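To start, the structure itself, in C-alpha cells.
Read the figures in this text as sums done on the coordinates, not as results from a lab. Every value quoted in this text rests on a predicted model; they were computed, and no experiment measured them. Heads up, the Cβs are rebuilt from the backbone with ideal geometry, glycines too, and the neighbour counts pull from every protein chain shown.
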Amino acid sequence: MSHGPTYIASKGFCIYCKRAGLRLTDEHIFPYFMGGAHVIKNASCDDCARVTSRFELDVARELWGDARASFNSPSRRKKKRPKHIQQPDQYNPGQTILIPMEEYPAPMVFYQMQKAGILQGLPEIIDLSPQWALTSIVDDEKIKNFIAKYGQPPTAKFRNVPNSFARLLAKIAYGQILCSLDPEDFRPICLPYILGEKNNLSYIVGGCGNIPEPQPGIGYELKSHCIRSPGRLLIISEIQFVSNCSTPNYHVVVGDIEGEVETDRIFEKIEATCSVDILDIEQYKMRAGDAFHWMPFQWPLPAWKNTE
C-alpha cells in the first residue's frame, strides 16, 4: 500500500451489503484511530457502518484505549480523552496514585495466531481462537521513568476482545483488496465474518508463528497476495499494525475466483505484492516459512461455498 493519504473511488454501492441508492460514508481501510490515511470514498451504508464500528470500538477503547491515550494516537474525541489514569499504590493498600496519561507506559496488546484454519485444510467448525496467545509491546524508557518517579512498576488492564480484533483484521484485509479489485471481481470469503453472520474468525484469520524483527520507519504495512492454480485464484491480505516495533504479522483469506477466464483476468488486474503459481506441491512447499506464513499447508483447498 502506498504511503501518504490515498483516496480510492467509490464503488457506487455499499461494499458490505452491496445496496445502492442510499447514503454512503467514507471507509478508512486501516483504522483512523491507528493513523490510517487510506480511504475508500462513499463505501459504507449506515447500517453496515454501525456493525463495523462496534468491533472497531471494542479494539480502540477496550483493548487499546489506555495505550492510545498514553501515546496520543488519533481520535475524533480527543477532548473527552482522559488526562490521568489511576494506578493502585502498592505500598498503601486501598490507595491509588493519579498518573498523567503521557507518563503512563501502557502496553499495546496483540494476539499471536497460528495459520488460519482454511489454510491448514481444517473444517470450518474447528475453532483455533482458544490457542491465540496474548503478546504486547511496551515503551521500556517510559517504564524506567515511571519506576524512577513513582517507586513502583505500572499495572495495566484491558478487555480481551479476540473476536472483535479478528473482525477488524478481516475488514482491513477486505478494504486492502478493494484498492485494486471491485467487489464483483471475486467471491468475498471474509464478508460473512466481517458482518457477524459467521463467528469462527480463526477459519480465515491467522498469523505468523514468530514475531518479526522491527522495520524502522514503517508504520502499518498491508500486502496483497494471490495463489493461482488452474481454474482457481485465492486472494490473501497480509497485515502488520506497528511494523517499526516487534508486532505480529497477520493474514486473512479475503476471497477466491473460479474459472480459467476469470482467474486469468483477475490475476492480471490485482496489484499483488506476491503472486504464486501452484504448478506442483513440491514447488509450493519450498515457499513455506515465516515469510510465507500465508501459504496453505496443502493444495488445492476445498472450494468455498456461498451460503447466502
- Note on the structure: For region 261-272, Karplus-derived ³J(HN,Hα) couplings (6.51, -1.76, 1.60; θ = phi - 60°; whole Hz; x for glycine and proline) come out as 5, 5, 4, 5, 5, 6, 4, 7, 7, 5, 8, 8
- Note on the structure: With the convex hull built on the alpha-carbon atoms of region 161-289, volume per residue in Å³ sits at 117
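Where does the charge balance sit around residue 66 when Lys and Arg score +1, Asp and Glu -1, over other residues with C-beta under 14 Å from its C-beta?
Result for the local shell: +3.
Given the peptides 51-64, 228-241, 123-136, arrange them by the average over their residues of other C-beta atoms within 10 Å, most packed first.
Top of the packing list down: 228-241, 51-64, 123-136.
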- Estimated vicinal HN-Hα couplings, Hz - region 150-164 in sequence order (Karplus 6.51, -1.76, 1.60; Gly, Pro = x): 10, x, 7, x, x, 10, 9, 9, 7, 9, 6, 10, x, 5, 5
- Cα-centre dipole for the chain with unit charges at Cβ (Lys and Arg positive, Asp and Glu negative), debye to 20: 1260
- Item | Per-residue ³J(HN,Hα) for region 186-203, Karplus 6.51 cos²θ - 1.76 cosθ + 1.60, θ = phi - 60°, Hz, x for Gly and Pro | 8, 8, x, 4, 6, 4, x, 6, 4, 7, x, 7, 10, 10, 7, 5, 5, 5
- Query: Once a ≥ b ≥ c are taken as the square roots of the eigenvalues of the Cα gyration tensor of region 77-166, is the result rounded (a/c under 1.5), prolate (a/b larger than b/c) or oblate (a/b not larger than b/c)?
  - Reply: prolate
- Message: Once R0 is set to 51 Å, what does the formula 1/(1 + (r/R0)^6) return for the Cβ-Cβ distance between residue 147 and residue 260, expressed as a FRET efficiency to the nearest 0.05?
- Response: 0.20
- Item | Segments 66-73, 143-150, 157-164 sorted - mean Cβ within 10 Å per residue, highest first | 66-73, 157-164, 143-150
- Message: Please state the shape class of region 7-53: rounded when a/c is under 1.5, otherwise prolate if a/b exceeds b/c and oblate if not, all from the C-alpha gyration tensor.
- Response: oblate
- Normalised by the number of residues in the chain, what is the relative contact order in percent for Cα pairs under 8 Å and 6+ residues apart? 16
- Cα extents of the chain along the three principal axes, largest first (Å): 70, 48, 37
- Of 18/41; 79/157; 171/269; 83/144, which pairs sit farther than 24 Å apart, going by alpha carbon to alpha carbon? none
